[in-house]
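The values are calculated or read from the model by the stated rules, or taken from the named source; none is laboratory data. Please read these numbers as outputs of a predicted model, since none were measured by experiment. Here the Cβ positions follow ideal geometry from the backbone for every residue, glycine too, while neighbour counts run over all protein chains shown. Calculation scope for accessible area: heavy atoms of the full protein, side chains included, ligands and nucleic acids excluded. Shrake-Rupley method; radii C 1.70, N 1.55, O 1.52, S 1.80 Å.
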Amino acid sequence: MKYVDEYRSEASARQLFAAIRDATTRPWTIMEICGGQTHTLIKFGIDNMLPDEITLVHGPGCPVCVTPLEMIDKAIAIARRPEVIFTSFGDMLRVPGSDTDLLAVKAEGGDVRMVYSPLDAVRLAQRYPDRHVVFFAVGFETTAPANAMAVRHARALELTNFSILSSHVLVPPAMEAILGSPDNLVQGFLAAGHVCAVMGYWEYEPIAERYKVPIVVTGFEPLDLLQGIYMAVRMLEEGRVGVENQYARAVVKEGNVPAQAMLREVFRPCDRPWRGIGIIPLSGFGLNPEYAAFDATLRFDVETVTASESEICIAGEIMRGLRKPNDCPVFGTDCTPEHPVGAPMVSSEGACAAYYQYGRV
Ligand code: SF4
């Protein structure tokens with residue numbers, strides 16, 4: 001397969017494993033931030049073939065996993081309203097709220113629809129002017145530009161029946177929360193290449209300096225990850241801090257400047273609770289006051305919705321790199337993709353789903 005096979009070459013992988021082995025003299029704990037990277041690492045068994053000294057821990061970069069329970073409960077409350085067409089990407093429909101999920105609301109007769117793009121939701125608002133269409137806007141800096149564009153498009157169309165439930169989260173504050181925690185184990189990061197394709201990596205340099213860690217912007221194919229790990233190990237072994245870019249075929253330091261300008265136009269940073277982790281200051285995107293008409297939380301009275309978390313789920317500790325999915329007492333028994341207790345077992349980017357899917361039960 002052109003453009004993919006090149007990044008899955010067995011011979012190149014063997015060379016990189018050998019280079020990592022040669023470079024490693026001490027134990028190191030490295031966190032890959034993105035759930036997509038976690039899935040590649042587990043699917044190809046890369047973590048098991050690394051030297052014993054290298055521990056990979058799985059970060060908070062799964063958008064579905066970090067969406068706060070309270071926000072899912074708000075989504076459910078909005079989706080139950082008869083005038084609403086509630087739209088979302090597929091994974092979000094199955095994530096458990098405090099009592100139920102969006103798929104169950106749909107089964108009860110709620111008008112909940114899966115869409116592939118926020119612009120599909122805008123089109124629904126055009127097609128059904130007597131209904132109100134809400135799009136559940138979750139995700140990191142990667143998905144935020146498309147959602148900002150949808151809001152701008154809805155305003156250009158003068159739609160008054162479209163809004164978003166924004167639960168966007170930002171990577172750099174989460175990295176700082178992990179590194180600044182007294183129980184932190186992470187010594188180096190593989191940063192998510194697609195986030196950096198939008199935002200660049202200029203934001204990461206002060207973090208690397210402040211916490212004295214190496215950060216390697218890394219892609220998603222097996223060889224990307226092996227090369228990213230090799231670069232991180234070299235930096236760790238040589239005592240170098242800073243940011244290096246493994247994913248140069250997609251990422252430049254300044255990122256996608258027009259996309260960043262659009263994000264600043266539509267959104268402003270706000271404090272955001274992360275599921276299983278807690279509130280991280282200025283780690284989310286809320287709508288700017290000029291776009292308040294498109295804010296579903298202002299349009300619908302859901303501020304009083306409160307949530308109660310499962311006491312069993314250790315997702316927060318997993319996403320902070322303190323534990324692994326198979327440390328969870330209910331992993332693969334009471335918590336499976338068919339009957340998930342927590343979000344990381346539901347999402348296609350969740351660490352628990354990766355461990356389950358690829359036989360780490
Ligand atoms: S296995 Fe299930 S309950 Fe345990 S941490 Fe993962 S999602 Fe939570």
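Given the criteria of a type in the set (Lys, Arg), farther than 22 Å from CYS335 by Cβ and open to solvent by 30 Å² or more (accessible area, probe 1.4 Å), does ARG94 qualify? Taking the combined requirement at face value, the residue does not satisfy it. Scanning the range 201-217 for any residue that is more than 16 Å from GLU244 (Cα to Cα), in contact with a strand residue (DSSP E or B) (Cβ under 9 Å, 6 or more places away or on another chain), open to solvent by 20 Å² or more (accessible area, probe 1.4 Å) and not in a helix (DSSP H, G or I) turns up nothing. In the range 179-194, which residue that is touching a Gly at 6+ places or on another chain (Cβ under 8 Å) and open to solvent by less than 10 Å² (accessible area, probe 1.4 Å) is farthest from LYS324 (Cα to Cα)? So, considering only residues that are touching a Gly at 6+ places or on another chain (Cβ under 8 Å) and open to solvent by less than 10 Å² (accessible area, probe 1.4 Å), the one farthest from LYS324 (Cα to Cα) is GLY193. Tell me, yes or no, whether the range 150-169 has at least one residue that is open to solvent by 10 Å² or more (accessible area, probe 1.4 Å), in contact with a Lys or Arg (Cβ under 8 Å, 6 or more places away or on another chain) and polar (S, T, N, Q). Yes, the range 150-169 contains a residue that is open to solvent by 10 Å² or more (accessible area, probe 1.4 Å), in contact with a Lys or Arg (Cβ under 8 Å, 6 or more places away or on another chain) and polar (S, T, N, Q). Criterion applied to VAL257, VAL251 was being without any contact (Cβ under 8 Å) to a residue 60 or more places away in the chain and buried (at least 22 other Cβ atoms within 10 Å of the Cβ), and the one residue passing it is VAL251. Selection over the range 334-361 of residues that are open to solvent by less than 10 Å² (accessible area, probe 1.4 Å) and at pLDDT below 90 gives a count of 3.
Being touching an Asp or Glu at 6+ places or on another chain (Cβ under 8 Å), farther than 13 Å from VAL84 by Cα and either free of Cβ contacts under 8 Å to residues at least 12 places away in the same chain or polar (S, T, N, Q) (or both) is the filter here; which residues of the range 151-166 pass it? Correct list: SER166 only. Scanning the range 288-297 for residues that are buried (at least 22 other Cβ atoms within 10 Å of the Cβ) and more than 17 Å from MET149 (Cβ to Cβ) returns a single hit, ALA296. Filter the range 59-103 for residues that are under 30 Å from ILE215 (Cα atoms) and small (Gly, Ala, Ser) and give the result. Passing the criteria: GLY59, GLY61. Of the residues making up the range 338-352, those that are in contact (Cβ under 8 Å) with a residue 40 or more places away in the chain, over 14 Å from ILE314 (Cβ atoms) and either more than 8 Å from the ligand (Cβ to nearest atom) or over 18 Å from the mean Cα position of the chain (by Cα) (or both) are SER347, SER348, GLU349. Could you go through the range 263-273 and let me know if any residue there is more than 23 Å from ASP91 (Cβ to Cβ), open to solvent by less than 40 Å² (accessible area, probe 1.4 Å) and either among the charged types (D, E, K, R) or more than 16 Å from the ligand (Cβ to nearest atom) (or both). Yes, the range 263-273 has at least one match.
Applying a threshold of 7 Å to beta carbon distances and a minimum spacing of six or more residues, or different chains, the list of pairs starting in the range 313-337 at a residue that is more than 7 Å from the ligand (Cβ to nearest atom) and ending at one that is among the acidic types (Asp, Glu) reads LEU322/ASP183; ARG323/GLU317. Scanning the range 218-234 for residues that are part of a helix (DSSP H, G or I) and over 18 Å from ASP22 (Cα atoms) gives PRO222, ASP224. Taking ALA197, is it over 17 Å from PRO172 (Cα atoms) and outside any strand (DSSP E or B)? No: the conditions fail for ALA197. Determine whether VAL64 is buried (at least 18 other Cβ atoms within 10 Å of the Cβ) and under 30 Å from ALA125 (Cα atoms). So VAL64 fits the description; yes. Criterion applied to PHE331, PHE300, PHE285 was being surrounded by 16 or more Cβ atoms within 10 Å (Cβ to Cβ), at pLDDT below 95 and aromatic (Phe, Trp, Tyr), and the one residue passing it is PHE300.
Quick check on the range 24-47: of everything there that is open to solvent by less than 10 Å² (accessible area, probe 1.4 Å) and of a type outside the set (A, V, I, L, M, F, W, C), which residue is nearest to VAL241 (Cα to Cα)? Show your work before the answer.
In the first step, residues of the range 24-47 are kept if they are open to solvent by less than 10 Å² (accessible area, probe 1.4 Å); the result is 30-35, 37-38, 41-42, 46.
Adding the requirement that they be of a type outside the set (A, V, I, L, M, F, W, C) leaves 32, 35, 37-38.
On the way: GLU32: 17, GLY35: 24, GLN37: 22, THR38: 23 Å.
Per the criteria, the residue is GLU32.
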